[in-house]
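Heads up, the thing below is written out as structure tokens.
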Amino acid sequence: MSFINLRGHEIWHQEWKKRKTRPLLLLHGGLSSTESFAPKILPSVKRTHHIYGYDRTAHGKTKVRDGYYHFKFQRDEAIAYIEDVIKGPTEIIGHSDGGIIGLMVAIARPDLVTNLVAIGANYHYECGLNHQIFNGEVADEAKDQFAARTGQPRELLVEIIAKAHKVWASEPKMTKATLKKIKCPTLILAGDDEPFTTAHTVELYEAIPNAQLAIVPGTSHAVLKEKPEMVKSILQNFYRNPSFPITLNPNRRLKKTQELQGNS
């Protein structure tokens, strides 16, 4: 765990080697951090992957800089991290905003993404999102913790949260046409009571040619906390064989299945 210089900006970075050769990048959610996200994912992948994670600009221990929080900015930061730190194609697990960024990286730089898991992610801000307007109130304890963690003025936390809500109300703006550009094996995982509609999650899944879908029953956007063992089983099953699934009675995948079976 340390700060590293990523193209002129100091970011907080963590790496779990464990002598594994499969690189995996963890992308935490909005207003979250690697420290809070990683423990929810590590039990599923620590025996199989060489894991990386970093606090995005204005998140966790990483300070703000010009342009922060817009999704294109965060996408480009992720690409820079993959190129400069991982130095090659990687698998990605992202939650919420992290899942959105993973989708955007897979669209913009398919050469850098081996496979992708997007958890609780929407592809467009018009998704039936239950968007709560930020009233500018932040607890003093949260401000104090922010100042101690980042060394930045405590009132800056109010600005960061306000900007996050502003971005969520107008971004992301991916389309089904751009999602079709994602060719890597992809798992779309969500709770059945996300802050956006389940129909939106299904649209995301159906737009990606090589995607699989997991809707976890009785869960919300906090699916990683609510049903950790079920999520672990789903993730491990995906990673055992993330390639195109051959099923007994294909429907959506019928044409591709026939092509693969014809070539076998």
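Name every residue in the stretch 86-113 that is part of a helix (DSSP H, G or I) and touching a His at 6+ places or on another chain (Cβ under 7 Å), in order of residue number. Show your work before the answer.
Initially, the stretch 86-113 is screened for residues part of a helix (DSSP H, G or I), giving 86, 97-108, 110-112.
Selection gives Gly98 alone.
Looking at the structure I just gave you, is Ile86 hydrophobic (A, V, I, L, M, F, W, C), in contact with a Phe, Trp or Tyr (Cβ under 9 Å, 6 or more places away or on another chain), surrounded by 24 or more Cβ atoms within 10 Å (Cβ to Cβ) and touching a residue at least 40 places away in the same chain (Cβ under 8 Å)?
On the way: hydrophobic (A, V, I, L, M, F, W, C): yes; in contact with a Phe, Trp or Tyr (Cβ under 9 Å, 6 or more places away or on another chain): yes; surrounded by 24 or more Cβ atoms within 10 Å (Cβ to Cβ): no; touching a residue at least 40 places away in the same chain (Cβ under 8 Å): yes.
In short, no.
Give the residues of the stretch 233-252 that are touching a residue at least 24 places away in the same chain (Cβ under 8 Å) and among the basic types (Lys, Arg), sorted by residue number. First the steps, then the outcome.
Filtering the stretch 233-252 for residues touching a residue at least 24 places away in the same chain (Cβ under 8 Å) gives 234-236, 238-239, 242-245, 252.
If the condition is that a residue be touching a residue at least 24 places away in the same chain (Cβ under 8 Å) and among the basic types (Lys, Arg), then Arg252 is the only one that fits.
Have a look at Ser170, Ser220 and point out the one that is hydroxyl-bearing (Ser, Thr, Tyr), in contact with an Asp or Glu (Cβ under 8 Å, 6 or more places away or on another chain), in contact (Cβ under 8 Å) with a residue 12 or more places away in the chain and surrounded by fewer than 19 Cβ atoms within 10 Å (Cβ to Cβ). If you could, list the steps in order and put the result at the bottom.
Values: Ser170 fails: in contact with an Asp or Glu (Cβ under 8 Å, 6 or more places away or on another chain).
After ruling out the rest, the residue left standing is Ser220.
Sort out which residues of the stretch 215-237 are at negative phi and either in a strand (DSSP E or B) or aliphatic (A, V, I, L, M) (or both), and write them in order of number.
Within the stretch 215-237, the subset at negative phi is 215-217, 219-237.
If the condition is that a residue be at negative phi and either in a strand (DSSP E or B) or aliphatic (A, V, I, L, M) (or both), then Ile215, Val216, Pro217, Thr219, Ser220, Ala222, Val223, Leu224, Met230, Val231, Ile234, Leu235 are the ones that fit.
Restricting the stretch 129-155 to residues that are within 22 Å of His9 (Cα to Cα) and in contact (Cβ under 8 Å) with a residue 24 or more places away in the chain, which is surrounded by the fewest Cβ atoms within 10 Å (Cβ to Cβ)?
Gly151
Please state which of the following conditions Ile11 fails to meet, knowing it meets all the rest: (1) over 17 Å from the mean Cα position of the chain (by Cα); (2) crowded, with 17+ Cβ neighbours inside 10 Å; (3) not in a strand (DSSP E or B).
It fails just one condition, (3).
Name the residue that is surrounded by the most Cβ atoms within 10 Å (Cβ to Cβ), counting only residues in the stretch 241-263 that are among the β-branched types (Val, Ile, Thr) and not in a helix (DSSP H, G or I). Before the answer, list the steps.
At the first step, the residues of the stretch 241-263 found to be among the β-branched types (Val, Ile, Thr) are 246-247, 257.
Those still in the list that are not in a helix (DSSP H, G or I) too: 246-247.
Working: Ile246: 13, Thr247: 10.
Checked the stretch 241-263; the qualifying residue surrounded by the most Cβ atoms within 10 Å (Cβ to Cβ) is Ile246.
Among the numbered criteria (1) more than 18 Å from Val223 (Cβ to Cβ); (2) touching a helix residue (DSSP H, G or I) at 6+ places or on another chain (Cβ under 9 Å); (3) of a type in the set (Lys, Arg), which single criterion is violated by Lys40?
Looking at each condition in turn, Lys40 falls short on (1).
What pairs come out if I take residues in the stretch 24-43 that are in contact (Cβ under 8 Å) with a residue 60 or more places away in the chain and pair them with residues that are of a type in the set (S, T, N, Q) and in a loop (DSSP other than H, G, I, E, B) whose C-beta lies under 6 Å away, six or more apart or interchain?
Correct list of pairs: Gly29/Ser96; Gly30/Ser96.
Any idea how many residues of the stretch 129-153 are of a type in the set (A, V, I, L, M, F, W, C) and in a loop (DSSP other than H, G, I, E, B)?
First, the residues of the stretch 129-153 that are of a type in the set (A, V, I, L, M, F, W, C): 129, 133-134, 138-139, 142, 146-148.
Now narrow it down to the ones that are in a loop (DSSP other than H, G, I, E, B): 129, 133-134, 138-139.
The number of residues fulfilling the criteria is 5.
Condition check ((1) surrounded by fewer than 20 Cβ atoms within 10 Å (Cβ to Cβ); (2) assigned to a helix (DSSP H, G or I)) across all residues:
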residue	(1), (2)
Ile182	no, no
Leu189	no, no
Ala199	yes, yes
Leu204	no, yes
Leu213	yes, no
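Spot the failing condition for Lys225; the list is (1) of a type in the set (Lys, Arg); (2) surrounded by 15 or more Cβ atoms within 10 Å (Cβ to Cβ); (3) at pLDDT 95 or above, and only one is missed.
(2)
Among the candidates Ala177, Ala164, single out the residue that is exposed (fewer than 12 other Cβ atoms within 10 Å of the Cβ) and either at pLDDT below 95 or among the small types (Gly, Ala, Ser) (or both).
Details: Ala164 fails: exposed (fewer than 12 other Cβ atoms within 10 Å of the Cβ).
It is Ala177.
Looking at the stretch 35-69, which of its residues are part of a helix (DSSP H, G or I), more than 14 Å from the chain's Cα centre (by Cα) and surrounded by fewer than 19 Cβ atoms within 10 Å (Cβ to Cβ)? It would help to see each step written out before you state the result.
Step one: list which residues in the stretch 35-69 are part of a helix (DSSP H, G or I), which gives 35-45.
Filter again for more than 14 Å from the chain's Cα centre (by Cα), leaving 35, 39, 42-45.
If the condition is that a residue be part of a helix (DSSP H, G or I), more than 14 Å from the chain's Cα centre (by Cα) and surrounded by fewer than 19 Cβ atoms within 10 Å (Cβ to Cβ), then Glu35, Pro39, Leu42, Pro43 are the ones that fit.
Condition first: over 12 Å from the mean Cα position of the chain (by Cα) and among the charged types (D, E, K, R). Now tell me which residues in the stretch 97-133 satisfy that.
Across the stretch 97-133, the qualifying residues are Arg109, Asp111, Glu126.
The values are calculated or read from the model by the stated rules, or taken from the named source; none is laboratory data. Predicted, not measured: the structure shown is a model, and the values here were computed from it. Cβ coordinates were reconstructed from backbone atoms using ideal geometry, including for glycine residues, and neighbour counts include every protein chain displayed.
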